[in-house]
1. I want to confirm something. Restricting to the stretch 199-210 and keeping residues that are surrounded by 14 or more Cβ atoms within 10 Å (Cβ to Cβ) and without any contact (Cβ under 8 Å) to a residue 60 or more places away in the chain, which single residue is farthest from the chain's Cα centre (by Cα)?
2. If you go through the stretch 159-187 one residue at a time, how many are hydrophobic (A, V, I, L, M, F, W, C) and either without any contact (Cβ under 8 Å) to a residue 24 or more places away in the chain or touching a Cys at 6+ places or on another chain (Cβ under 6 Å) (or both)?
3. Working carefully through the options 162, 129, 169, find the one that is assigned to a helix (DSSP H, G or I) and surrounded by 21 or more Cβ atoms within 10 Å (Cβ to Cβ).
4. Can you name the residue in the stretch 209-268 that is outside any helix (DSSP H, G or I) and acidic (Asp, Glu) and, of all such residues, is modelled with the lowest pLDDT?
5. Residues in the stretch 149-162: is at least one assigned by TED's automatic domain parsing to the domain that holds residue 65 and in contact with a Gly (Cβ under 9 Å, 6 or more places away or on another chain)?
6. Has the stretch 133-143 got at least one residue that is more than 20 Å from residue 38 (Cα to Cα) and assigned to a helix (DSSP H, G or I)?
7. Hey, does the stretch 7-26 have a residue that's within 15 Å of residue 131 (Cα to Cα) and at pLDDT below 95?
8. Please state which one of 149, 213, 125, 156 is of a type outside the set (S, T, N, Q) and in contact (Cβ under 8 Å) with a residue 60 or more places away in the chain.
Amino acid sequence: MISDPKVLYRSMRGLSMEKAELYAPHINEAMLKGNVTTLRRAQYFIAQLAHESVDLRYFEEIASGSAYEGRRDLGNTQPGDGRRFKGRGPIQLTGRSNYRGFGRWLGDESKFTDSPKLVATPKYGFLAALYYWQTRNLNDYCDRGDFRGLTRRINGGYNGLADRYRKLAYVKRLGKKILPAKPDPLQVLTAGERKAVEQLAFERRRAAKSGWGSLTDPRSPRAKATYWKGKLTARLRVLRGLGAQGPKGDRHNRKWRYDIMKRARRGE
């Protein structure tokens, strides 16, 4: 999965392992958010990002941005907007209107017009690329296998087309490993809490196949499920005592953990 730094590292010739470790969780998050979750979508997305950012080396345009000064088509209507809203992120989000639109897309319209350099950080850079990707319906090009058309939509022409195809071929070597990993819904739990949730679910699945059996038989699904349900109940009681349902519920993710275990105990 692309969340594994080793996979991201192997997807681009010029990417260092150090950078791969930094970028992997952020690119995974962005791909999930934008539904870049089929093999072709993932391959096209990674290949285009690799070309546009030179294997993720550049998250900010090398030029000063002065060439964009006064570009009303980019929303650059105020003095200094060209430099202030120069290209940033792996697909080079450019111009005041695009920075404002990106913020609006994330629920805070002024976030990047107030702090434009955030777009050059891994956390927001990949989301900016995803914003560009989604608002221009680029997944549609992927779904119909139109890599050439996708290039024109991103670039306005076919600049670097041969390199883009080379990067696509390089990404395809990895097969399904390039897909994003879905988030682990139990990652917030402690090891003991997780074990109780997973064991209870396992015994319920076992019972669905072979029956519950007798409570007096310690090897039966009923006996083991009862045991693990009791473990969950005890842990829920501890979290309640620590204020999981009160104003301090967010401390150490107590409320989140409490809700997960409560649903697990009910079999949801």
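1. 207
2. Total satisfying the criteria: 3.
3. So the residue among 162, 129, 169 that is assigned to a helix (DSSP H, G or I) and surrounded by 21 or more Cβ atoms within 10 Å (Cβ to Cβ) is 129.
4. 250
5. Yes, some residue in the stretch 149-162 is assigned by TED's automatic domain parsing to the domain that holds residue 65 and in contact with a Gly (Cβ under 9 Å, 6 or more places away or on another chain).
6. Among the residues of the stretch 133-143, not one is more than 20 Å from residue 38 (Cα to Cα) and assigned to a helix (DSSP H, G or I), which makes the answer no.
7. yes
8. Exactly one of 149, 213, 125, 156 is of a type outside the set (S, T, N, Q) and in contact (Cβ under 8 Å) with a residue 60 or more places away in the chain, namely 125.
The values are calculated or read from the model by the stated rules, or taken from the named source; none is laboratory data. Every value quoted in this text rests on a predicted model; they were computed, and no experiment measured them. Ideal geometry is used to build each Cβ from the backbone, glycine not excepted, and the neighbour counts take in all protein chains shown.
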